[in-house]
Amino acid sequence: MSGLRAGAAVVSIEPPLPSDPQGFVRRAVAVRDSIDSCQVRACVIQNDDYIIAVLAADVTNLDTYFADRVRKAIVAATGIPYDNILLNSSHTHAGLWPRKEGEKLHGEFAQLTDAEHAYFEKIPYDYASACVKAISRMQPARISGGTGTAPGIAVNRRERDGKGGTILGWNKENFIDEEVPTIRIDAHDGSAIATLIGFGCHPVVLGGEVPYAGSDFLGPLRNQVEMLRGGTCIFFQGAAGNILPLEAFFDHPGPEIAFGHRLALEAVHAVVDKDPREIDIKHIAYGSVTPISLYRRKARNPQGAQPILAKRKVLSLPLNPSLTVADMERELQERSNDYAATEKAGGERDVLNPIRYHISWLTEMLKMAALGPLPEEIPGEIWVARLGDCAIVGTPGELFTEIGAEVRRRSPFATTLFAGYCQGVLGYVSTPEEYQWGGYEPTVAQRGYGHPAPFAPEASRILIEESLTLLNQLGGGND
C-alpha cells in the first residue's frame, strides 16, 4: 500500500440564538431559528511524515485575527504545521462573522451579544475538533480529480445602469466561470472518504428577509453529494466576488435546495468515472457448455505513490489612494445628518443600518488618520497544495470570477480547485477592467472590511501570478 492516508469529519458550529447573521446590512431583526446546521468540515491528508489539513466552514468570513487563532488551535490539538492549514469560509450570508471588532453593522443588536462573544471564543476549538476527528478516521487513500460545468445557475452581477455605472443585478455579457473542479478522495476498497468541490457563487439564493441562520445552498449540495458518493463533502467557496445565483434573494426557503442539488450532480458527474485507484484487470475462465471469459477490476497492491505538498506566501497587496481627511470629515457630517433625520422620522434599523455602515467606517478612518498616514497596502496570504495530480489554491478575498478562472486555466495540474475567502478574508479584489464602471466592489465595499481604500487594480494580477508561481513550485500534475 502507498503511504497516503486521509480522513474527514464534520463539527456543528450552529450560531447561538438569537444572533445577527452578518451578510445583509439592511437586516434589522436577529434570527431565532436555523434552516439547517452551520458546520465546519475538515479533511486531513498525510503521506509518511508530511500532513496537511483543509477546512471549510459556514461562516460569513474570518478576519485575520480569528484565522490566526484557529490555525494555532489546530496546531496545538493535532501538531499539524501552521503553514499546512487552509481555512475557507463559505461566505453564507446567514451565518456569523468571527472578527475582533466589537461593533456590528448588521442586525438587531448594535454590539456583539454575550452569546456571540462566547461563540467566537469557542469556534477555534471547533475547527481543531474537526481536525482531531478527521485524524482519528484516517485510512489508506487515493486521490483523483475532474472538472465539470454547471451552466445557467449563476450570473455575473455587474449590471450596467445605462449611465456609465454599475449596480448589482444581471450582466450576461460579462464572463462567469461555470466550471466545477472536484477532487475525489477514496479508500483502497473504493469507498468515499471525501469529495472536495470548488465553485464561485455568493450563497444568497435566500435573502435577508428569510429569518433563519443556515448555509444557504451549501447544505443541500453537501447532502446530495454524500447521498450519491458517501463520505464527507467539503465545499470551497471560489472566486465569487462578482457572481450571484441567477435567481437570488428569495424571501422564502426552498429555492436553495434546487441550486445545491444541481451543483452537487455536476460535481459527482465530474469524478464518477475517475477512480483514483490503480486498477489491474483480472481474467477468469468461466463456463460450462461453452467457455466464457470473465473480467474483474482489481485494485493494485501496492498502489503507487501520490505526492502531497503545501506552500504559502504572504504578499503586500496595494490599495488605491484613500480619501483626504477633509473629504472624510465632510462625508461624516453628511451621513450623520442623514442618520439623525432618518431616525427622527421614525426610520428603523433596516434603513438606519446602511447609514451606520458608512458612519462607522468614516469614524474609524479618521481615528487612524489622526495617528499617522493611512495604510497604502495590506498583507494577504496565498496558500497552495498539491494532492497527487490535483491542486488547491487558497486566496484571501472576494476575488472576481476572472481571477480564479485564469489561475485554473494556467495551472500545471490536471485539476485545480480555486478558493477565495481563505485564511483572513480581506475584501473584494476586482479586475482592472471593472474599475471604470464603478459600483459596489471597486469603490465602497472595503468599508465593511475596515480598509482605508479599495485594492488597487494591480492587486488582481499580483494574486494571479504569485498563485501560479507557487503552483509551478509544487511541480506538474504528472511528474
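We did not get these values from a lab; they are worked out from the coordinates using the rules stated. This structure is a prediction, so every number in the text was calculated from the model and none was measured. Glycine gets a Cβ as well: all are built from the backbone with ideal geometry, and neighbour counts include every protein chain shown.
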### Query
What are the trypsin sites (Lys or Arg not before Pro) within region 297-342 that DSSP puts in a loop, where the Cβ has at most 16 other Cβ atoms within 10 Å?
R300
### Summary
Computed over the chain: longest principal axis from alpha-carbon atoms vs helix 401-410 long axis, angle to nearest 10 degrees, is 30 degrees
### Task
At 0.36 nm per residue, minus the direct Cα-Cα distance, what do S288 and A370 gain on full extension? Give it in nm, one decimal, please.
20.2 nm
### Query
Where nothing but the Cβ of Lys and Arg (+1) and of Asp and Glu (-1) is charged, how large is the charge dipole of region 325-371 around its Cα centre, in debye to the nearest 20?
120 debye
### Task
With a point put 7 Å past each Cα toward its Cβ, work out how far E121 is from Q473 in nm, to one decimal.
3.8 nm
### Query
Under a Cβ-Cβ cut-off of 15 Å, what is the net charge of the residues other than F235 that fall near it, where Lys and Arg count +1 and Asp and Glu count -1?
-2
#### Entry: Within region 281-435, percent of DSSP bridges classed antiparallel, to nearest 5
75 percent
### Query
Between the helical axis of 218-229 and the dominant principal axis of the chain, each derived from Cα atoms, what acute angle in degrees is found, rounded to the nearest 10?
0 degrees
### Message
Given Cβ point charges of +1 (Lys, Arg) and -1 (Asp, Glu) and nothing else, what value in debye, to the nearest 20, does the dipole of region 347-479 about its Cα centre take?
### Response
220 debye
### Query
Considering the Cα trace of region 325-371, what is its radius of gyration and what is Dmax, both in angstroms?
11.4, 37
## Note on the structure
For the table K172/K274; K104/K163; K104/K344, the rows whose alpha-carbon distance is greater than 27 Å are K172/K274; K104/K163
### Task
Can you tell me the 0 to 90 degree angle between the C-alpha axis of helix 459-474 and the longest principal axis of the chain, rounded to 10?
20 degrees
### Message
For percent of Cα pairs over 30 Å apart, one of (i) 74; (ii) 46; (iii) 50 was computed from the structure I shared and the rest are decoys. Which label?
### Response
(ii)
### Query
Based solely on its DSSP helices, what 222 nm [θ] is calculated for the chain when runs of n ≥ 4 H residues each add -39,500 (n - 2.57) and the sum is averaged over all residues, nearest 500 deg cm²/dmol?
-9500 deg cm²/dmol
### Cα shape, region 41-158, gyration tensor, a/c 1.5 rule
oblate
